1. Give all pairs with beta carbons closer than 9 Å in which a residue from the stretch 76-93 that is farther than 14 Å from residue 200 by Cα and among the small types (Gly, Ala, Ser) meets a residue that is open to solvent by less than 50 Å² (accessible area, probe 1.4 Å) and not in a strand (DSSP E or B); count only pairs at least 6 apart in sequence or on separate chains.
2. Of the residues 235, 196, 189, 177, only one is of a type outside the set (Gly, Ala, Ser) and open to solvent by 70 Å² or more (accessible area, probe 1.4 Å); which?
3. Give the residue that is most open to solvent (accessible area, probe 1.4 Å), with candidates limited to residues of the stretch 76-102 that are closer than 29 Å to residue 235 by Cβ and in a loop (DSSP other than H, G, I, E, B).
4. Specify which of the listed residues (59, 22) is outside any strand (DSSP E or B) and at positive phi.
5. Which residues, taken from the stretch 31-75, are open to solvent by 100 Å² or more (accessible area, probe 1.4 Å), within 11 Å of residue 6 (Cα to Cα) and among the aliphatic types (A, V, I, L, M)?
6. Is it true that residue 105 is open to solvent by less than 60 Å² (accessible area, probe 1.4 Å), among the charged types (D, E, K, R), under 20 Å from the mean Cα position of the chain (by Cα) and over 29 Å from residue 213 (Cα atoms)?
7. When you scan the stretch 136-171, how many residues do you find that are among the aliphatic types (A, V, I, L, M) and open to solvent by less than 60 Å² (accessible area, probe 1.4 Å)?
8. Can you tell me which residues in the stretch 75-92 are hydrophobic (A, V, I, L, M, F, W, C) and under 15 Å from residue 160 (Cβ atoms)?
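The values are calculated or read from the model by the stated rules, or taken from the named source; none is laboratory data. Here the structure is a predicted model, which means the values were calculated and not measured. We place every Cβ from the backbone using ideal geometry, glycine too, and count neighbours over all the protein chains shown. The protein model used for the area step is the full one, side chains on, heavy atoms only, and it has no ligands, DNA or RNA in it. Shrake-Rupley method; radii C 1.70, N 1.55, O 1.52, S 1.80 Å.
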Amino acid sequence: IGGAESVHALFVNGAFVGYGTDSRLPSEYDIAPHLRPGSNDVAIVVVRYSAHSYIEDQDQWWMAGLHRSLWIESRPPVHIADLPIKSDFDPADGSGTIDVTTVVDMGVDVGRRPEEGWTAKAAVHGPNGRRIGRVQTATVPHEHARPYNFVGFETIHSFTIARAKPWSAEQPDRYEVVVELVNPRGNVVHTERQYVGLRRVEVRDRQLLVNGEPIWIFGVNRHDHHPDRGKAVSVDDMRADLVAMRAHNINAIRTSHYPNDTAFYD
């Protein structure tokens, strides 16, 4: 549930599943125990006023309801649970680095025994779509019952790009990271893709530098708000906001008190 103001409760086939109290963050629920073959009923009860209404009362219109996307997704029992990626750009030599951590859910929380032989494959594609370097393969650790030695069902892949194209507001080149989770029988069971930019933001000699160059910030506040659709802001609405701001030399956004829809950052 991408967002609901103010508080929402989720029911599946009449059974209470859970509730969310932050209208500006997505709420995720495991509904598998409540599903049944055939048709299923999903109900979301939105409470207009709550204690959180006062916490989130920040110079904006109160418009109750579901204002972001809703979706249901299925995952295999063993899947990629998280994909933290760190990237950097060195303006001194023009090189870039991408460090990928693949966090695998082995299903131990539901009584599964970790199986040996799972691997994660990672590849990086440049702004032109071509693969950079080789595909890296790492084995997912499975011996979890080793106190002080086991650090998690995680793999790490590191890539170095000699002549990198840095990300900037004027030239927003991005690299695509593709990670595949492969079972012991050699079958790909889960694939995740994520775009990253190579940049370095730092403060040096009392100047804000991006990729080694000083920048000026011309920023404004922006709310998730549309004159006709209220807080149900579409991707086209977001893009129109940004195009209008960029046409007026605005190069920074203050996301007014709360996390925006993930589509806005993309």
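1. From residues that are farther than 14 Å from residue 200 by Cα and among the small types (Gly, Ala, Ser), the pairs are 81/153.
2. Numbers: 196 fails: open to solvent by 70 Å² or more (accessible area, probe 1.4 Å); 189 fails: open to solvent by 70 Å² or more (accessible area, probe 1.4 Å); 177 fails: open to solvent by 70 Å² or more (accessible area, probe 1.4 Å).
Being of a type outside the set (Gly, Ala, Ser) and open to solvent by 70 Å² or more (accessible area, probe 1.4 Å) holds for just one of 235, 196, 189, 177, which is 235.
3. 84
4. Details: 22 fails: at positive phi.
Only one candidate passes the filter, namely 59.
5. 55
6. Taking the combined requirement at face value, the residue satisfies it.
7. Taking the stretch 136-171 first, the residues among the aliphatic types (A, V, I, L, M) are 138, 140, 145, 151, 156, 161-162, 164, 169.
After this cut, where a residue has to be open to solvent by less than 60 Å² (accessible area, probe 1.4 Å) as well, the list is 138, 140, 161, 164, 169.
Total meeting the criteria: 5.
8. Within the stretch 75-92, the subset hydrophobic (A, V, I, L, M, F, W, C) is 78, 80-81, 83, 85, 89, 92.
Selection gives 85, 89, 92.
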